[in-house]
Structures are given as C-alpha cells and as structure tokens.
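Report on the following structure.
The values are calculated or read from the model by the stated rules, or taken from the named source; none is laboratory data. From a predicted model like this one, the values you see are computed outputs, not experimental measurements. Ideal geometry is used to build each Cβ from the backbone, glycine not excepted, and the neighbour counts take in all protein chains shown.
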Amino acid sequence: MSIMQPEIEMVDRSTRSIRYLEHGWPSELCRWHAHEECELHLIVASRGKAFVGDYIGDFKAGDLFMTGPNLPHNWVTDQVWSEPLATRDMLVQFSHESVEKLAEGFPEFSQVLNILQMSQSGIQFEGFNPTFARGHMEAIRDSKGAERILSFVRFLVRLNEHAEKKILSAAKLIQPQGGSKHARIGQVIDHVIKNFREEISVAQASELAGMTQATFSRNFQAVTGHGFVDFVNRVRIGQACGMLYASDDQVTAICHKAGFKNLANFNRHFLKLKGMTPSEYRDTARKDLAPAMGSTS
C-alpha cells in the first residue's frame, strides 16, 4: 500500500457515535490508512516513526496525537523492538460533524472546534501528561451510552485547553487518483522507506515513477514538500535515531546501516535535522527511554 495511497477504512456509526479501539504490536491494524473520522491516538508502548500526511517524526510511549478526516496516518515501531506488545495503541474515532452539531446546540462548546480545524493537518499534544491521557482513554473505554460521550467530551475540552499543540503535516489531505502523479510518487516513497539502506539516485527514482528527471523532481517536491535527496536523508536519519537509542552499536556502524557511505556526511545531515550530534542524541534519548520502557513492561 503506497504511503500516498492509504487504505480507506470504513467505520460503522449506525449504533454508536464514537469508536474505541486498542491493539498490540505487531498488528494488522498497524498500517498506512485513512478514514472519514477524526482520531485521538495514544501510544502506550515502544518507540518509532510517526507518519501523518507528509510528516515524518519520532514517537515514544505516552505521545498523544489527533488526526482529522481523511488524513493518512501510521505509527511504525522501530525494527530494533523484537518482543511483541500486548497493548501499543489506545484510540478513539469520532465524527467531526457530530462535534460540530454539538457546538450548534451548546455554543459554549464551540471553542473546541478550533482543535478540530487544526487536526486536519494532524496534531501532537506535546507535554500532555501521559497518565492523564491514559486515564481519559480508559474512562471512555469503560463507560457506555451517554456516559461514554460525556467522558469523550471532557477529554476534548482538556485537549483544547492544552497549550502545546504541534501541527504535523504541511499538506492537509492528499487524495491520489489511480494513475496520477501522487500514486507514482507514492511508489517511490514506499521504495525508499523499505530500502533506505540502498543507493537510489534521482535518475532511478524518476524511472521508477515513469517520469523525466525534471518532471519527477518538480512533482516530488509538490507532493511531499521535500526534494528527493532531502527526503531520503530524512528517512535514513530517522532510522539512525532508532538504532542510536535502542542499540549499543558505534556511530560509525549506525552510519553505514542507515545507508550513509560517509561519516562526515552522516554527522552533517544529523546535526541539520536534529540540532545535535548522533552521540548527543543517544544520550538525550536514553534519559527518557528508561522510564518509558519501565511503564510499558
């Protein structure tokens, strides 16, 4: 399934206005997909890469996200995690339209529409207390009928009050057609993510997309917001981050495992994207990795 052609998921709301789910890892539910419903998504365990629209970033246990209608998303646990997890994700799916109708009936609730608008690009609620987030999710899970709706609304109000909301995707929505440029660019993106260690030139990527180099470069920039070489480096640095905080491999070894041929080049790109050296990143990440792992055992 292409990163630019997400699987479309249909949610039955004929008997309930919100849907609660939780699942472990690995799971068939961990896939690149989109749906009409908004989604609140709490990561309970592991670390890895978040893909939301055209955003690629790190996630860890306790991170809380919201995605808007039809915004493709997936959370990919890093390959260095080998043990299955009983519960990795807790999530709630709900209708944007239902919340809008609630605000029509109760004007005091209209302020919550702000985060629904923001969620069209994806939101990460940075610094939101993970214990509180899990408590709200459990309250929704463990209640029924009107009580479940009240628990859900209470959570939305708290999230709206939270100050640190990080907007994730530059593109609100990408809806490719079968043979469109989006679909062909998506094939290249899939190839890069699955084969990030291999060398792939702009010429090879252009051929894979069935475009001239000039057309490919222009379309890739338009679809992803990044030049092709920049995108490849971002994917590789993201993979390197996972190796740094979850293994004791030397930086030189990780450089080559991530697909870089030159240590100086690796260090330069890492510093540009992360604002610190690989060694500094490892030290910083491990400081908050231990408590996160302890809470998910």
Out of all the residues in region 221-270, which are more than 30 Å from residue 209 (Cβ to Cβ) and touching a residue at least 60 places away in the same chain (Cβ under 8 Å)? 245, 246, 247
Residue in region 215-235 that is farthest from the chain's Cα centre (by Cα), counting only those that are buried (at least 22 other Cβ atoms within 10 Å of the Cβ) and of a type outside the set (A, V, I, L, M, F, W, C): 233
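Before we move on, is residue 288 part of a helix (DSSP H, G or I) and either under 30 Å from residue 44 (Cα atoms) or modelled with pLDDT of 90 or more (or both)? Walk me through how you get there before you give the answer.
Values: part of a helix (DSSP H, G or I): yes; either under 30 Å from residue 44 (Cα atoms) or modelled with pLDDT of 90 or more (or both): yes.
Spelling it out, residue 288 is indeed part of a helix (DSSP H, G or I) and either under 30 Å from residue 44 (Cα atoms) or modelled with pLDDT of 90 or more (or both).
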Give region 112-140 a look and list any residue that's modelled with pLDDT under 95 and over 19 Å from the mean Cα position of the chain (by Cα), or say none. 112, 113, 114
Scanning region 6-31 for residues that are closer than 22 Å to residue 77 by Cβ and at pLDDT below 70, the one farthest from the chain's Cα centre (by Cα) turns out to be 9
Verdict on residue 196 being aromatic (Phe, Trp, Tyr) and closer than 25 Å to residue 121 by Cβ: no
